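Asker: First the structure, then my questions, so here it is.
The values are calculated or read from the model by the stated rules, or taken from the named source; none is laboratory data. Only a predicted model underlies this, so the values are computations on that prediction, with no experimental measurement involved. Cβ placement follows ideal geometry from the backbone for every residue including glycine, while neighbour counts extend to all protein chains displayed.
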Amino acid sequence: MPREFQLCGLGNAIVDIFLEVNDSEFQQLNFERGTMCLVDINEQKQLLARYQKNEPKLVSGGSVANSTIAFSQLGGDAAFIGCVGDDRYGLFYASEFEELGIDIGNPIIVNEATGTCVCIITPDAERTMRTSLAVSSHLAARHVDERRIQNSDWLFIEGYVFANPETGQTAIREAIRLAKKHGTKIAVTCSDAFVPAVFGDALREAIAQADLFFCNESEACAVAQTPTAEEAFAKLKQTIPSVVVTYGPKGVFIRHAGVEAHIPAVPSEPKDLTGAGDMLAGAFLFGITHGLAPEKAAKAACYLAHKVISQVGARLHHGTKQYWEEGMAKV
């Protein structure tokens, strides 16, 4: 009997807040252009107060959340496990997921602030980000919903969650335990090379139990401790049943269901590289859960990743299904 969901994501629930500023305004901030820094809630509030008249654009995000949204936009049935506060950003997050048809249960924690990422966009299309994890970093074992995992074909775990040993790592262990109990397949995305560098033991413990591992070149090399993506892929595929290693403009290496291939990237003129890996993972998972051969799923996913980096923003808000069909027509 088919399960209610094909995918259940577990990750940090972050609202992206987009601010477009001119060079003069940016200079007044004294930020290093193009960087991402973690800040506390008060510092984030002070930054937003400077631009309260600008009516910033809000977008629900987070790495695995972006993948889950893409999966849903393509027509998949999805759920998500994460934490938001009871402020305007948390209510926005919950309502947007509801509109997208993604089951997130009751993620709102009273008297807490929602995680936010202020994305400051300058005229050169560069992004400078200030992230306050806030309540998203409180995600712990007690928040892991057995029903959603039990009723999903796949559990998809975000690497950034490993960065919270006392909370996030307990959530991951509980989610994996429940997935194993109910025969739900497990996928893990590395998220960033600092995760294996700083939290390598916990990450390796998880991927030893995983069915599928997503990582980019630097992450793959950090996990496998090799100098190149090719060598990392060769090493990882010996220990993990399915592996996807993205290699930027050089394409992607895949191994899944006995199929092994290198898929070339779609030629692009990138405007914003943010979200390419998230889109590729969500689209690939959609493909393999909907009867598509792994190589075809990867090719169509690469096409969608190309579409994401051709615009500003980590998500495609319109046309995702149409672009998928375009990508499928090219494979």
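Asker: Any idea which residue in segment 49-70 is farthest from L285 (Cα to Cα), counting only those that are modelled with pLDDT under 90 and hydrophobic (A, V, I, L, M, F, W, C)?
Answerer: A49
Asker: Does segment 141-149 contain at least one residue that is over 23 Å from M1 (Cβ atoms), touching a Ser or Thr at 6+ places or on another chain (Cβ under 6 Å) and of a type in the set (A, V, I, L, M)?
Answerer: yes
Asker: In the list G82, G75, G9, which residue meets the criterion of being small (G, A, S), modelled with pLDDT of 95 or more and farther than 23 Å from E146 by Cα?
Answerer: Exactly one residue qualifies, and that residue is G75.
Asker: Working only within segment 172-227, note down all residues that are within 21 Å of S137 (Cα to Cα), in a strand (DSSP E or B) and of a type in the set (A, V, I, L, M).
Answerer: Selection gives A187, V188.
Asker: Could you look through segment 120-138, keep only residues that are outside any strand (DSSP E or B) and among the small types (G, A, S), and pick out the one that is surrounded by the most Cβ atoms within 10 Å (Cβ to Cβ)?
Answerer: Out of the qualifying residues, it is S136.
Asker: A further question follows. Restricting to segment 85-124, name every residue that is within 22 Å of R147 (Cβ to Cβ), among the acidic types (D, E) and in contact with a helix residue (DSSP H, G or I) (Cβ under 7 Å, 6 or more places away or on another chain).
Answerer: D103
Asker: Tally up the residues in segment 138-165 that are in contact (Cβ under 8 Å) with a residue 12 or more places away in the chain and more than 17 Å from I14 (Cα to Cα), please.
Answerer: 13
Asker: Within the bounds of segment 264-271, is there any residue that is farther than 17 Å from D192 by Cα, at pLDDT 90 or above and surrounded by 15 or more Cβ atoms within 10 Å (Cβ to Cβ)?
Answerer: No, there is no match, as no residue in segment 264-271 is farther than 17 Å from D192 by Cα, at pLDDT 90 or above and surrounded by 15 or more Cβ atoms within 10 Å (Cβ to Cβ).
Results for (1) in a helix (DSSP H, G or I); (2) surrounded by 23 or more Cβ atoms within 10 Å (Cβ to Cβ); (3) touching a Phe, Trp or Tyr at 6+ places or on another chain (Cβ under 9 Å), shown as yes or no for each residue.
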| site | (1), (2), (3) |
| --- | --- |
| C37 | no, no, yes |
| E43 | yes, no, no |
| L47 | yes, no, no |
| G90 | yes, yes, no |
| E96 | yes, no, no |
| E99 | yes, no, no |
| E112 | no, no, no |
| V118 | no, no, yes |
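Asker: Something else about it: Of a type in the set (S, T, Y), part of a helix (DSSP H, G or I), surrounded by 14 or more Cβ atoms within 10 Å (Cβ to Cβ) and on the phi < 0 side of the Ramachandran plot, is that true of S72?
Answerer: yes
Asker: Next question. Whether any residue in segment 204-215 is more than 22 Å from A257 (Cα to Cα) and surrounded by 17 or more Cβ atoms within 10 Å (Cβ to Cβ) is what I want to check.
Answerer: No: segment 204-215 contains no residue that is more than 22 Å from A257 (Cα to Cα) and surrounded by 17 or more Cβ atoms within 10 Å (Cβ to Cβ).
Asker: So how many residues does segment 77-88 have that are assigned to a loop (DSSP other than H, G, I, E, B) and either surrounded by 23 or more Cβ atoms within 10 Å (Cβ to Cβ) or of a type in the set (A, V, I, L, M) (or both)?
Answerer: 2
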